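Asker: I have a structure here, written as structure tokens, and I will follow up with some questions on it.
The values are calculated or read from the model by the stated rules, or taken from the named source; none is laboratory data. Everything numeric here is computed off the predicted structure, so don't read it as measured data. Here the Cβ positions follow ideal geometry from the backbone for every residue, glycine too, while neighbour counts run over all protein chains shown. Keep in mind that these areas ignore ligands, DNA and RNA; they rest on the heavy atoms of the full protein, side chains included. Shrake-Rupley method; radii C 1.70, N 1.55, O 1.52, S 1.80 Å.
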Amino acid sequence: MMWGNWTIISDFVLVSFSNLSSELQALLFLLFFTIYLITLMGNVLIILVTTADSALQSPMYFFLRNLSFLEIGFNLVIVPKMLGTLIIQDTTISFLGCATQMYFFFFFGAAECCLLATMAYDRYVAICDPLRYPVIMGRRTCAQLAAASWFSGFPVATVQTTWIFSFPFCGPNRVNHFFCDSPPVIALVCADTSLFELEALTATVLFILFPFLLILGSYVRILSTIFRMPSAEGKRKAFSTCSSHLLVVSLFYSTAILTYFRPRSSTSPESKKVLSLSYTVVTPMLNPIIYSLRNSEVKAALRRVILRTLGPQKL
């Protein structure tokens, strides 16, 4: 559509992995579809087990349940469209569809950053101030912290998405990514975006770097407390309660920071796609695996749920 001397874009084309052969794209489809199913089933299982089992009603598992809900949402926003680009070459996405995908990507991403920081605070209180832990992390406080984490996604998603899609897009309309992320979309804008890029950097610092620094500070205090514990058994138990969360944080933040804090000139679009796959596809799959395999309480609860489910059938 023409407007003045500009061609106004009504839809976008996701480049995705179109530079690969059709055979390799088919293999990637099978791989990502398998990961997608594992992600959904694993996170749904975590939600069901932590809800149904009375032994998993502590704040840690309440936040884990919220994390699983976020991971499911994160996956549903990105993966189905990516699978479509691989198997049926459905690379076109409408202007509204692109804006919607970007909005919920920002929403779930910011909320997850804040929730991971909240989970680190929970572990900090549990290990560094165990006597007051039940008082500090009461049910109402946990609900407020979880609600605040979810709510944090709204302002960044609303401001970023509204601002980006208020710019004129004059062509070309090819987004060099497998989803509508802000850097490849903003590259298609035919207007001065310097003010937006400054705001985007500020938002990235607030919603990625600042929570990461809070997590880092929490774990410095946690490790300091653990090393002062007199018994080896106490140290082992304290480490076991933190190791799963620390591993999840490392996986999520390492790739997110590499993606959004590296200079544009030092990173090719293809390497950005690979990095993005890590935190949009791989990490959501690994989270339930990490929390179930490395957590004896979750494994025991899972066995109890399976026995209760299969017990009547055996009888």
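Asker: Over the chain, what is the percentage of antiparallel beta bridges among all DSSP beta bridges, to the nearest 5?
Answerer: 75
Asker: Only four residue types carry charge here, +1 at the Cβ of Lys and Arg and -1 at the Cβ of Asp and Glu. Report the dipole size of region 49-154 about the Cα centre in Debye, rounded to the nearest 20.
Answerer: Values: 6 positive and 6 negative charges, 51 e Å.
About 240 debye.
Asker: Then there is this: For I38 and L201 in one chain, what is 0.36 nm times their gap in residues minus the Cα-Cα distance, to one decimal in nm? Intermediate results must be reported in sequence, preceding the final value.
Answerer: Details: separation 163, 0.36 × 163 = 58.68 nm, distance 3.36 nm.
55.3 nm is the gain from fully extending I38 to L201.
Asker: For the ranges 81-93, 117-129, what's the packing order if you count other beta-carbon atoms within 10 Å of each residue, average per peptide, and put the highest first? Provide the component values of the computation, followed by the final result.
Answerer: Details: 81-93: 17.7, 117-129: 21.2.
Packing proxy ranking, top to bottom: 117-129, 81-93.
Asker: R65: net charge of surrounding residues, Cβ under 14 Å, Lys/Arg +1, Asp/Glu -1, itself excluded? Walk me through the numbers on the way to the answer.
Answerer: Values: positive: R139; negative: D53, E71, E112, D122, E297.
Net local charge, R65 excluded: -4.
Asker: For the chain, take N as its residue count and report Rg(C-alpha) divided by 2.2 N^0.38 Å.
Answerer: On the way: Rg = 21.7 Å, N = 315, 2.2 N^0.38 = 19.6 Å.
Relative to the 2.2 N^0.38 Å estimate, the chain comes out at 1.11.
Asker: Next question, about the same structure. May I ask you to give the percent of accessible area on the chain that is carbon plus sulfur, with a probe radius of 1.4 Å?
Answerer: Values: 10830 of 15510 Å².
It is 70 percent, rounded to a whole number.
Asker: Around F252, with a cut-off of 14 angstrom between Cβ atoms, what is the net charge of the other residues, counting Lys and Arg +1 and Asp and Glu -1? Walk me through the numbers on the way to the answer.
Answerer: Working: positive: none; negative: E71, E112.
Summing Lys and Arg as +1 and Asp and Glu as -1 gives -2.
Asker: Give me Rg over Rh for region 57-216, both radii from the alpha carbons and Rh done the Kirkwood way, two decimal places.
Answerer: Numbers: Rg = 18.5 Å, Rh = 17.4 Å.
With Rh from the inverse mean 1/r over Cα pairs, Rg/Rh is 1.06.
Asker: Hey, another quick one. Restricting attention to the chain, give the cysteines that have no other cysteine Cβ less than 4.7 angstrom from their Cβ.
Answerer: So, C113, C114, C128, C142, C242.
Asker: In addition: Cβ under 13 Å from A52's Cβ, A52 left aside: what net charge do those residues give with Lys, Arg +1 and Asp, Glu -1?
Answerer: +3
Asker: Could you give the DSSP H helices of the chain that reach 27 angstrom or more along their long axis (alpha carbon positions) and whose average Kyte-Doolittle hydropathy is no lower than 0.0? Can you show the working numbers first?
Answerer: Values: long enough: 22-52 (44 Å, 1.89); 59-87 (41 Å, 1.17); 95-128 (49 Å, 1.19); 232-260 (40 Å, 0.47).
Those that pass (Cα extent of 27 Å or more, hydropathy at least 0.0) are 22-52, 59-87, 95-128, 232-260.
Asker: Does a label point 7 Å from the Cα of A52, set along Cα-to-beta-carbon, have any residues of region 275-299 with amide nitrogen under 15 Å, and which are they?
Answerer: Hits in region 275-299 for A52 at 15 Å: 298-299.
Asker: Separate question: Over the Cα atoms of region 128-240, each weighted equally, I'd like the Debye log10 I(q)/I(0) at q = 0.20, 0.23, 0.24 Å⁻¹, rounded to two decimals.
Answerer: The calculated log intensity ratios at q = 0.20, 0.23, 0.24 Å⁻¹ are -1.14, -1.32, -1.36.
Asker: Grab the Cα-Cα distance for S240 and F210, subtract it from 0.36 nm times how many residues apart they are, and report the gain in nm with one decimal. Walk me through the numbers before you get to the answer.
Answerer: Working: separation 30, 0.36 × 30 = 10.80 nm, distance 2.55 nm.
Between S240 and F210, full extension yields 8.3 nm more.
Asker: If you don't mind, another one. How far, in nm, would the chain grow between E233 and D90 when pulled straight, counting 0.36 nm per residue and subtracting the alpha carbon separation?
Answerer: Details: separation 143, 0.36 × 143 = 51.48 nm, distance 5.51 nm.
Additional length available on full extension: 46.0 nm.
Asker: Quick query: amide H of V175 versus all other amide H atoms, modeled in the peptide plane; which residues come in under 5 Å with a sequence gap of 5 or more or a different chain?
Answerer: V13, L14, V15
Asker: Which order, highest average first, do 149-157, 21-29 follow once you tally other Cβ atoms within 10 Å for each residue and take the mean per peptide?
Answerer: On the way: 149-157: 19.3, 21-29: 13.3.
Descending mean neighbour count gives 149-157, 21-29.
Asker: Among 285-292, 227-234, how do they line up from the highest to the lowest mean number of other beta-carbon atoms within 10 Å? Present the calculation step by step, with values, prior to reporting the outcome.
Answerer: Working: 285-292: 20.8, 227-234: 9.5.
Taking the mean over residues of other Cβ atoms within 10 Å, the ranking is 285-292, 227-234.
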